[in-house]
Amino acid sequence: MSEARAGYFDLDYYKRAEAMALQWWQLGEIPAEKMPAAADRAACEALIYAEARLIDAARLNEWLALFTEDCGYWIPTEAEGADPARVVSWEFNDRRRMEERVERLLSGRAYSQIPYTRTTHIYSNVEMLVAGPDTMDVFCNFLIATNRAGRPGSRAGWNFFRLRRIGCAWRIELKRVSLFDADLPQDNNSFTL
C-alpha cells in the first residue's frame, strides 16, 4: 500500500486509509459496475470468515498469514471518519507491529491476557465493492462475544477490509475495526479484534 520504508507508514498511507473507509459512509447503493463477480465475492467472503475463525481459535500465526506484507490493522478512537494522522487510534499497526503483537500474545507472558480472552466473531451485512483490478473493499458489521476469566462481554461495530489479490489468493491489505463505542473508555482490548 505504501512505498515508504518497509514496515513504516508514511502520511500518504494514512490519507488513503482514511479515504477508503470514508467512501463507505458516503456510498448509497453500490453501482452495478462495482459489484464483484460471484467467484471473487465467494473467495473474499471465505477470507474474512476464515480470518474471524482463526482469531477465535487463537491461531494467530495463521491469522497473520492472511495479511499482505505491507498491511495495516487500525482501531480508531472514533466510530466514523477519523483521520489517523490527526486522531489518536487505539491501535494502528503495520506488519512489523502485528508480528510483535502475535508473538507477545502467544508467548504466555502477555499478562493482560492471562487468562486469554475467548471470543466468537459474528460478521453480518457483508457488502463488497470492486476497488480496482486486483483490489476489493469489504464492509461488514460485527459482534464479538467475549469471555475472560468467567466475565462475559461483547464488542460491536463495523469492519472495513481492503483486500488484494496476490496470485490466485486474496489477502488483507488493511483491516479497520470501528468499535460502536470507540469514543468511550475501553475495557481490556488487548486481544485480537
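Rule-based calculations on the coordinates, nothing more; no lab input. Bear in mind that the values here come from a model prediction, so they are computed numbers and not experimental data. All Cβ positions, glycine included, derive from the backbone under ideal geometry; neighbour counts span all protein chains shown.
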| note | Using alpha-carbon positions, the gyration tensor of the stretch 40-112 gives root eigenvalues a ≥ b ≥ c; with a/c under 1.5 called rounded, otherwise prolate if a/b exceeds b/c, else oblate, the class is oblate
| said: Over the chain, with a Gaussian network built from C-alpha contacts below 10 Å, which listed residue (LEU64, LEU27, LEU106) shows the highest mean-square fluctuation? | reply: LEU27
| note | Stokes-Einstein D for the stretch 79-149 (20 °C, 1.002 mPa s, Kirkwood Rh from Cα pairs), in µm²/s, comes to 138 µm²/s
| remark: Amide H contacts under 5 Å for CYS71, restricted to residues at least 5 apart in sequence or on another chain and with H modeled in the peptide plane, are ARG95
| What relative contact order, as a whole-number percentage, does the chain give when Cα pairs under 8 Å and 6 or more residues apart are counted? | 24 percent
| Sequence ranges 70-77, 12-19, ranked by mean other-Cβ count within 10 angstrom, highest first | 70-77, 12-19
| Computed FRET value (nearest 0.05) for ARG118 with SER89, which takes r as the C-beta separation and R₀ as 22 Å | 0.30
| request: Over every pair of different alpha-carbon atoms in the stretch 100-193, take the mean of 1/r and invert it; report that Kirkwood radius in Å. | output: 15.0 Å
| message | Charges at C-beta only: +1 for Lys and Arg, -1 for Asp and Glu. How large is the resulting dipole of the chain about its Cα centre, in Debye rounded to 20? | response | 680 debye
| request: Would you mind checking the radius of gyration and Dmax of the stretch 13-73 based on alpha-carbon positions, in Å? | output: 14.5, 38
| Volume of the Cα convex hull of the chain, divided per residue and given in Å³ | 119 Å³
| query | Roughly what angle does helix 95-106 make with the longest principal axis of the chain, taking Cα atoms, 0 to 90 degrees, to the nearest 10? | reply | 30 degrees
| How far is helix 38-56 tilted, in degrees, relative to the longest principal axis of the Cα atoms in the chain, given as a value from 0 to 90 rounded to the nearest 10? | 10 degrees
